[in-house]
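Visitor: The structure's right below; bear with me while I get my questions together.
We did not get these values from a lab; they are worked out from the coordinates using the rules stated. Being a predicted model, the structure only gives us computed values, none of them experimental. Virtual Cβ from ideal backbone geometry, glycine too; neighbours counted across all protein chains shown.
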Ligand code: CP
Ligand code: NVA
């Protein structure tokens, strides 16, 4: 079997996703009981960050340590990645010395090229196109609080960005329905929307997308690399803030998620972010547990 990677949620089957989430929930509970689990003893993960990160870096580094392994942080500033060494060459060299590579980068093609030339698993720690690791944490959080998400209705409000794209892939693998509301010019990739078939629907207004939703999700209006568009985007997205009015359109027990960092009173009101329906802190913590299960799955060849 060829080398497995985690570039997209679609790289795992629905059964593998559910096994991974179950394992994440189980090992999280054991960790809290003081039971250690070190299947990655002696294993190394290289972590390439070409964009900023708080959660992804800390969760992968802490996760490798807790699993008995070790993580090596690399940035373009202090490696040859930032001095023009081809990503193909970097892939061959780095993968000859470690057991897995995590990369956060801009162009998705760079990530795919790295994976093609790596002899160890490559994990997508966010690209301009996708952010699959975040979805593992979001799914774990839902499963912990509500059980299986199959058949549920999820509303994505805001930018049709990397997170929205990964929600489309999650709808396919986990079997939920996704209602997307994004302003003109900021819709998700049409091919990805089409790949989700009837599970994905596009809505003109945020309130319409949120109608009867079980989960409401948003993200920043300007992603990393779009800083210069920030002012323009504040205007384009003004009608797409998740606030009390939007949450009232959803089911009374609907949850709110945000991958963080959040911009209070831009894409989400402070009141919603800090409401009892908001599970963003549990969601952030689950980055650690869900990715530990992913690391074990990829670096040990199964769970
Ligand atoms: N949600 C997320 O990926 O956060 P970081 O950018 O801090 O890693
Ligand atoms: N869409 C955001 C997610 C940050 C975790 C970005 O790409 O910057």
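Visitor: Read through the list (1) away from ligand 1 (no atom under 16 Å from the Cβ); (2) touching a helix residue (DSSP H, G or I) at 6+ places or on another chain (Cβ under 6 Å); (3) within 19 Å of residue 11 (Cβ to Cβ), then give the number of the only condition that residue 172 fails.
Guide: Against the list (1) away from ligand 1 (no atom under 16 Å from the Cβ); (2) touching a helix residue (DSSP H, G or I) at 6+ places or on another chain (Cβ under 6 Å); (3) within 19 Å of residue 11 (Cβ to Cβ), residue 172 comes up short only on (2).
Visitor: Here's a follow-up. Go through region 119-156 residue by residue and tally those that are in contact (Cβ under 8 Å) with a residue 24 or more places away in the chain and at positive phi.
Guide: 2
Visitor: When you go through 260, 255 one by one, which is the residue that is closer than 21 Å to residue 147 by Cα and surrounded by 16 or more Cβ atoms within 10 Å (Cβ to Cβ)?
Guide: On the way: 260 fails: closer than 21 Å to residue 147 by Cα.
Result of the check over 260, 255: 255.
Visitor: What is the one condition in (1) in a loop (DSSP other than H, G, I, E, B); (2) surrounded by fewer than 18 Cβ atoms within 10 Å (Cβ to Cβ); (3) touching a strand residue (DSSP E or B) at 6+ places or on another chain (Cβ under 8 Å) that residue 208 does not satisfy?
Guide: Here residue 208 meets the rest and fails (1).
Visitor: While we're here: On the basis of being surrounded by 13 or more Cβ atoms within 10 Å (Cβ to Cβ), closer than 19 Å to residue 178 by Cα and under 22 Å from the mean Cα position of the chain (by Cα), does residue 267 make the cut? Can you show your working first?
Guide: Details: surrounded by 13 or more Cβ atoms within 10 Å (Cβ to Cβ): yes; closer than 19 Å to residue 178 by Cα: yes; under 22 Å from the mean Cα position of the chain (by Cα): yes.
Yes, satisfied.
Visitor: Out of region 49-68, which residues are in contact with a strand residue (DSSP E or B) (Cβ under 6 Å, 6 or more places away or on another chain) and more than 16 Å from ligand 2 (Cβ to nearest atom)?
Guide: Within region 49-68, 61, 64 qualify.
Visitor: Given the criteria more than 22 Å from the chain's Cα centre (by Cα), away from ligand 1 (no atom under 16 Å from the Cβ) and not in a loop (DSSP other than H, G, I, E, B), does residue 198 qualify?
Guide: Numbers: more than 22 Å from the chain's Cα centre (by Cα): yes; away from ligand 1 (no atom under 16 Å from the Cβ): yes; not in a loop (DSSP other than H, G, I, E, B): yes.
The answer is yes for residue 198.
Visitor: Only residues in region 27-53 that are touching a residue at least 24 places away in the same chain (Cβ under 8 Å) count as the first member; pair them with residues that are within 16 Å of ligand 2 (Cβ to nearest atom) and part of a loop (DSSP other than H, G, I, E, B), Cβ under 6 angstrom, at least 6 apart or cross-chain, and list the lot.
Guide: As it stands, the answer is 50/105; 51/224, since those pairs meet every condition given.
Visitor: Could you grab me the full set of residues in region 244-271 that are on the phi > 0 side of the Ramachandran plot and without any contact (Cβ under 8 Å) to a residue 60 or more places away in the chain? Walk me through it before giving the result.
Guide: Filtering region 244-271 for residues on the phi > 0 side of the Ramachandran plot gives 260, 265.
Result: 265, single match.
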